[in-house]
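A short reminder: the numbers here are calculations on the coordinates, not readings from a lab. If you're wondering where the values come from, they're calculated on a predicted model, not measured in any experiment. Methodologically, a virtual Cβ is constructed for each residue, glycine included, from the backbone with ideal geometry; neighbour enumeration extends over all protein chains shown.
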Amino acid sequence: MDNTILIQGSFTADGNAKNIVLPAGVDWMRVINLTEADAANNGHGFEFYWQRGMTDGRGIVYYHPAADQTVAVDQIAASGGFFLVDTSNTDPSAAVAVTGTTNAAQPVVATGSTAGLSNGDIVRLSGVTAAETLGGWDFSIDTLVANTSFRMAYAMANAPGAAGTAGFWRRIPYDPIFYPRWRYIVNISQAANAVITTSVPHGYTVGQRIRVDNTDVRFGMSQIDGVEGIVTAVTDSTITTNINSTAFDAFTFALPISYPVGFATLHPVGMDTGTALLGAVDLLADAVSNTAYVGMRLVAGTVNPAGSNNDEIYWVAGKSFSNLAE
Amino acid sequence: MRETEDNLVRDMMAATAAMINCLGGTNGDNPTNISTSDVSFVVQALLGNDAKTLADNIEGTDKFGTGPIRSAYMALAHTSITADLNAVNDFLHASKYSSQASLLPSEWGSIQNLRFFVSSDGSITPNASANGADVLNIFCVATEGVMMVEQDRYRSQFIYRPPIYSDPLAQNASIAWKMAFASRIVNDAWVINMRATRNI
């Protein structure tokens, strides 16, 4: 039929939420967990369906109600199903109360609700009483304990100086839409090849040139402010550079007494051709590009559409000719 | 169409430009509201990076209530910064420039070597301050700091096809626009995102 668009695909689950890009938009989506369909795991979902008009974050689940091949159906629990994604909308989630943060290089954030959060998500704290410098910047989380706590995934240079006693967290659903992005720095090593740790996965590649902006002396290592370097190796959250910081002061994350502070940041400024060629990296990997997309975010779990680790998952999504609400 | 162009360039700068938090304000947030010392800091940083100003001096004249304007970098901001700008020491509203010849309609005024241009499409990062307030991104741009590249010899096109093109009965006209351009920061040392929260 005219104006009806279908798109399909598959993936192997890794235990994390899955974002699926659907350039034409989406009015409905069906997800089949082939692994669970074939298995006989009590309570595990194997087919999921969502249609425009249903609550965002929910949908329908078909599951095995016993350790056999029998089938039952239910509505997916709130925040456990399908979320429409439009990355041009960068509004954070609503603020949720924080009851405390620990005084550790990887602070644990205590909260009564972790609804909508998964490991690897990015959050932003605000109004953190007693540990003010933890507020106003984004960081990835791990060690999520449902409705109890989550932890900062990438360690800061030092503990924030005090335990926080109150505040709020918000989930930051999307990266800024243009690549390559500036990032907050949480640590820099003193080494012949300085290793810089960012608060979220940086997305840089070997060969890219970066500049460190560290204008606030309370973050230490003031000698590195304005220094450009070349990325020689990467992990998700670190870059190894050709900057020799051996003789620099130690990098320290500013303490609450310094508040307000100017955070140390990392900026991509181009590509070093030689390093990129040696590293077999695309010379244009640093090109500024608009990465915005529309699509669907599938939540992970045994009764959720993104499944569990190593599940084989197939999906089909559609854009309908009409949407009649009667 | 033109608004979308502006928004794309805005979002590009918000994602990739170097940033400096305002720290000299008094609202107790991080970043703070904009202050004279923050403007001085940004101007000093741009000067230190050998960035060329975009606008020339405006010479002083003997008109009551007016003042000369320094050669300046361009600061692009959201309209919600205007009340705070009015309250900054050294702020001179555009109506008090000694010459009105080079003013643009969106120009609000100047502080030291920054001339501020405001738009309701200016950049805001929601709930991004330490206290959870919106952060205003003020892009301070020097000469040749940012560029737009036309592709296929055009940047954007507005297309109109009259009904005669649609069918023999000429029942439907077509109106559309399309875009083929890329924007990017040319020299990352010549663009600074001065981040501020509001006090007023």
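Just to check I understand the Karplus step: with θ = phi - 60° and J = 6.51 cos²θ - 1.76 cosθ + 1.60, what whole-Hz values come out for the stretch A:196-203, glycine and proline as x?
10, 9, 9, 7, 9, x, 7, x
Taking the Cα of B:Gln151, stepping 7 Å toward and past its beta carbon, and measuring to each backbone N in the stretch B:1-43: which are under 20 Å?
B:1-16
Can you check how the C-alpha radius of gyration of the stretch B:24-172 compares to 2.2 N^0.38 Å, as a plain ratio? Provide the component values of the computation, followed by the final result.
On the way: Rg = 20.6 Å, N = 149, 2.2 N^0.38 = 14.7 Å.
Cα-based Rg divided by the globular estimate yields 1.40.
Provide a whole-number value for the mean count of partner chain Cβ atoms within 10 Å of the Cβ atoms in peptide A:257-265.
Values: counts 0, 1, 5, 15, 5, 10, 6, 0, 5.
Mean inter-chain Cβ contacts per residue within 10 Å come to 5.
Give me the base-10 log of I(q)/I(0) for the stretch A:43-181 at each q in 0.15, 0.16 Å⁻¹, Debye formula, one uniform scatterer per Cα, rounded to two decimals.
Calculated log10 I(q)/I(0) at the listed q: -0.82, -0.88.
Can you compute the equivalent ellipsoid semi-axes for the stretch A:178-289, i.e. the square root of 5 times each eigenvalue of the Cα gyration tensor, sorted largest first and rounded to whole Å?
So the equivalent ellipsoid measures 25, 15, 11 Å along its semi-axes.
Express in nm, to one decimal, how much length is gained between A:Asn89 and A:Thr235 on full extension, taking 0.36 nm for each residue of separation and deducting their alpha carbon distance.
49.8 nm
Points 7 angstrom from Cα along the Cβ direction at B:Phe158 and A:Phe321: gap in nanometres?
3.5
Could you check the simple spin-label distance between B:Asn172 and A:Leu278, using points 7 Å along Cα→Cβ, in nm with one decimal?
The answer from the label model is 5.9 nm.
Starting from the amide H of B:Val135, placed 1.01 Å from N in the peptide plane, find each other amide H under 5 Å away whose residue is 5 or more places distant or on another chain.
Excluding prolines and chain starts, which carry no amide H, the hits are B:Thr125, B:Asn127, B:Ala128, B:Ser129.
Taking the Cβ-Cβ separation of A:Asn310 and A:Ala166 as r and a Förster radius of 51 Å, what is the calculated FRET efficiency to the nearest 0.05? Write out the running numbers ahead of the final one.
Values: r = 40 Å, r/R0 = 0.79.
Step by step, r from the Cβ atoms, then E = 0.80.
Using θ = phi - 60° and the Karplus relation 6.51 cos²θ - 1.76 cosθ + 1.60, list the HN-Hα couplings for the stretch A:52-67 in order, rounded to whole Hz, with x at every Gly or Pro.
3, x, 6, 4, 4, x, 10, x, 10, 10, 9, 9, 8, x, 8, 7
Give me the extension gain from A:Val217 to A:Ala39: residue separation times 0.36 nm, minus the current Cα-Cα distance, reported in nm with one decimal. Kindly include the intermediate steps, with their values, before the conclusion.
Values: separation 178, 0.36 × 178 = 64.08 nm, distance 5.83 nm.
Value of the extension gain: 58.3 nm.
Go ahead and run the numbers for FRET between A:Thr4 and B:Glu3, Cβ-Cβ distance against an R0 of 41 Å, rounding to 0.05.
Efficiency at R0 = 41 Å is approximately 0.85.
Any idea what Rg and Dmax come out to for the stretch A:235-326 if you just take the C-alpha atoms, in Å?
Here Rg and the maximum Cα pair distance are 22.9, 72 Å.
Report the FRET efficiency, 1/(1 + (r/R0)^6), for A:Ala250 and B:Phe181, where r is their Cβ-Cβ distance and R0 is 60 Å, rounded to 0.05.
In this case the efficiency is close to 0.85.
What is the pair-distance distribution P(r) of chain A, computed from all Cα-Cα distances in 10 Å bins starting at 0, with each bin given as a whole percent?
6, 22, 27, 24, 15, 5, 1, 0
Hey, got the average number of other protein chain Cβ atoms within 10 angstrom for residues in B:120-128?
4
Which whole-number percent of Cα pairs in the stretch A:96-171 have a distance greater than 18 Å?
Working: 699 of 2850 pairs.
Result for the distance tail: 25 percent.
How do A:Thr4, B:Thr66, A:Thr148 line up, fewest other C-beta atoms within 10 Å first?
A:Thr4, A:Thr148, B:Thr66
How far is it, in nm, from the label point at A:Val145 to the one at A:Ala97 when both lie 7 Å from their Cα along the line to the Cβ?
1.9
Through the Karplus equation 6.51 cos²θ - 1.76 cosθ + 1.60, θ set to phi - 60°, convert the phi angles of the stretch A:280-289 into ³J(HN,Hα) values in whole Hz; use x for Gly and Pro.
6, 10, 4, 4, 9, 5, 8, 4, 5, 9
Pairing the Cα long axis of helix B:2-16 with the longest principal axis of chain B, what angle in degrees results, from 0 to 90 and rounded to the nearest 10?
Roughly 50 degrees, rounded to the nearest 10.
Work out, step by step, the length gained on full extension between B:Thr36 and B:Phe64: first 0.36 nm times the residue separation, then minus their alpha carbon distance; give nm to one decimal.
7.7 nm
Cut-off under 27 Å on the C-alpha distance; same-chain residues fewer than 8 positions from B:Lys178 excluded. Which lysines are left, in chain and number order?
Straight-line reach from B:Lys178, under 27 Å: A:Lys319.
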